[in-house]
Amino acid sequence: MKKQYLLTPGPTPIPRDVMQAMARPIIHHRTPEYKNFTRAINADLKKLFKTEKNVLTFASSGTGAMEASVVNTLSVNDTAIVVMGGKFGERFAEICRAYGVKVVAIDVEWGHSPAPSAVEKALKENPGAKAVFMQLCETSTATVYDVKSIAHMIKKTSAIMVVDAISGLGSDEFNMDEWGVDIAIGGSQKAFMIPPGLSFCAVSNKAWGAIKKSALPKYYYDFNKYECLMEKSDSPWTPAITLAVGLQKALSIIMAEGVCEFTARHAKDAEFVRKSAGSLKLELFSKSPSNAVTAIKVPDGIDGEKLISGLKLKGVTFAGGQGDLKGKIFRIAHMGGITRHDLEDALRILKETLEEVTLS
Ligand SMILES: *Cc1c(COP(=O)(O)O)cnc(C)c1O
């Protein structure tokens with residue numbers, strides 16, 4: 001079989017050891033054995049999120065945890081400030097509106113990072129805003145946001161800061177407690193190197209204060225139900241047992257490499273992809289490129305969709321553009337289990353394919 005290169009910003013390739021761990025017979029979750037998994041997972045997740053708080057785990061894709069962060073902290077007619085610089089920023093606004101939360105949008109040109117002053121201005125103009133929602137990496141534009149500077153400003157207000165770090169966590173620098181992020185969200189199919197189906201929320205004391213006042217309806221995602229069982233390494237409902245077993249293995253691989261080293265490797269691989277794109281005379285889309293994924297402009301005269309399908313025939317899967325960027329960019333992920341070797345092969349195949357698509 002020809003080697004397949006899955007270089008998309010979720011799902012990402014799964015290491016063999018993780019697949020083998022998930023292939024073992026399933027165990028029951030109300031057992032000491034499973035609780036050991038839960039305990040180890042929480043301890044390692046804390047290191048990855050850089051927090052002392054528990055990391056709550058949900059059986060859903062990342063969007064479930066995004067929704068959880070809204071329903072647990074807000075009430076109908078509350079105002080939320082939402083950074084909108086791409087598809088995932090828009091998703092936060094959609095979730096807020098679905099629950100009757102008023103959205104003050106900070107419109108950011110796609111591919112740019114929001115100016116901290118724009119967030120400061122929105123907070124000044126909306127002193128009653130209860131929360132600010134933003135991404136660490138806006139995956140649709142492959143742009144990393146300056147969460148650290150923005151967190152610093154939000155800290156001085158009564159608003160909480162919710163960061164969708166789903167694609168950025170592990171790849172881009174992130175420090176929940178030191179920066180003062182109130183809710184940090186993760187998702188399993190990105191740098192975690194496991195299949196889709198798990199999402200995570202780490203919750204600060206300030207956020208727990210907001211949770212006490214929140215009146216939006218919630219049941220499955222009620223943070224309190226999860227948090228009060230964390231002490232016993234238990235969960236309110238049947239957890240995604242197989243994924244949790246895979247996660248424990250994947251986290252042990254990350255911990256063996258070291259969290260700092262893991263993130264540093266992403267930075268180097270991202271740099272390699274950006275440099276290689278430059279030597280192919282390709283232009284980056286983002287003005288603030290993430291270390292999780294690189295967005296490259298489709299060169300003039302080339303059909304972006306054709307390029308992606310041509311690459312697919314050779315075993316290389318890149319993500320195209322979303323929304324208005326469809327056909328205009330393609331995105332190469334370099335997160336989690338994606339190796340330098342994979343990237344070198346894929347960029348060589350990209351060079352060949354670009355030449356073919358240009359000729360025809
Ligand atoms: C992948 C991703 C999500 C979650 O999407 P799901 O399909 O629900 O897992 C959310 N935000 C960002 C920035 C992402 O990259």
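The values are calculated or read from the model by the stated rules, or taken from the named source; none is laboratory data. Remember, it's a predicted structure, so these values are computed and weren't measured experimentally. Cβ atoms come from the backbone with ideal geometry, glycine included; neighbour counts cover every protein chain shown. The protein model used for the area step is the full one, side chains on, heavy atoms only, and it has no ligands, DNA or RNA in it. Shrake-Rupley method; radii C 1.70, N 1.55, O 1.52, S 1.80 Å.
To the nearest 20 debye, what is the magnitude of the charge dipole of the chain about its Cα centre, counting +1 on the Cβ of each Lys and Arg and -1 on the Cβ of each Asp and Glu?
Computed about the Cα centre, the dipole is about 460 debye.
Can you give the accessible area of E109, probe radius 1.4 Å, in Å² rounded to 10?
Only protein atoms counted, so the area is about 130 Å².
In sequence order, what are the phi-derived ³J(HN,Hα) couplings for the stretch 272-280 according to the Karplus relation 6.51 cos²θ - 1.76 cosθ + 1.60 with θ = phi - 60°, rounded to whole Hz, with x for glycine and proline?
Listing the rounded values in order: 4, 5, 5, 5, 4, 4, x, 6, 8 Hz.
Of C260, C137, which has the most accessible area with a 1.4 Å probe, and how do the rest follow in descending order?
C260, C137
How long are the three semi-axes of the equivalent ellipsoid for the stretch 220-360, computed from the Cα gyration tensor as the root of 5 times each eigenvalue, in whole Å, largest first?
Over the Cα atoms of the stretch 220-360, the semi-axes work out to 37, 18, 14 Å.
Take the Cα atoms of the stretch 182-271, build their convex hull, and give its volume per residue in Å³.
Per residue, the Cα convex hull of the stretch 182-271 comes to 138 Å³.
How much of the accessible area of the chain, in percent, comes from carbon and sulfur atoms when a 1.4 Å probe is used?
54 percent
What do you get for chymotrypsin sites (Phe, Trp or Tyr not before Pro) in the stretch 200-255 restricted to DSSP loop and a cutoff of at most 16 other Cβ within 10 Å of the site's Cβ?
Y219, Y220, W237
Let me know the whole percent of all Cα-Cα pairs from the chain that are separated by more than 39 Å.
Above the 39 Å cut-off, the chain has 15 percent of its Cα pairs.
So which trypsin sites (Lys or Arg not before Pro) in the stretch 120-167 end up in coil per DSSP with only 16 or fewer other C-beta atoms within 10 Å?
Listed in order of number, the matching sites are K155, K156.
Students often check this: by mean Cβ neighbours within 10 Å, which of 8-21, 82-95 ranks highest, and how do the rest follow?
Answer by packing, highest mean first, reads 82-95, 8-21.
Among the DSSP beta bridges whose two residues both lie in the stretch 90-184, what percent are antiparallel, rounded to the nearest 5?
20 percent
In deg cm²/dmol and to the nearest 500, what is the mean residue ellipticity at 222 nm of the chain if only DSSP H runs of at least 4 residues count, each as -39500 (n - 2.57), divided by the residue total?
-13500 deg cm²/dmol
Exceeding 22 Å between C-alpha atoms, which entries from my cross-link table qualify? They are K268/K306; K87/K190; K121/K156.
Correct reply: K268/K306.
I need the phi-derived Karplus couplings for the stretch 209-216: 6.51 cos²θ - 1.76 cosθ + 1.60, θ = phi - 60°, integer Hz, Gly and Pro marked x.
So the Karplus estimates, Gly and Pro as x, are x, 5, 5, 4, 8, 5, 10, 5 Hz.
Mind scanning K212/K287; K212/K326; K46/K326; K50/K213; K3/K46 and naming the pairs with a C-alpha gap bigger than 32 Å?
K212/K287; K212/K326; K46/K326; K3/K46
Counting DSSP beta bridges with both partners in the chain, what percentage is antiparallel, nearest 5?
For the chain, the DSSP antiparallel bridge percentage is about 50.
About its Cα centre, what dipole magnitude does the stretch 231-360 give when the only charges are +1 on Lys and Arg Cβ and -1 on Asp and Glu Cβ, stated in debye to the nearest 20?
Dipole size: approximately 160 debye.
Enumerate the aspartates and glutamates that K35 could reach by cross-link, defined here as Cα to Cα under 17 Å, with residues fewer than 8 away along the same chain left out.
Result set, ordered by chain and number: D44, E227, E231, D234.
Can you tell me the accessible area per residue over the chain, all protein chains present, probe 1.4 angstrom, in square angstrom?
Value returned for the chain: 42 Å² of accessible area per residue.
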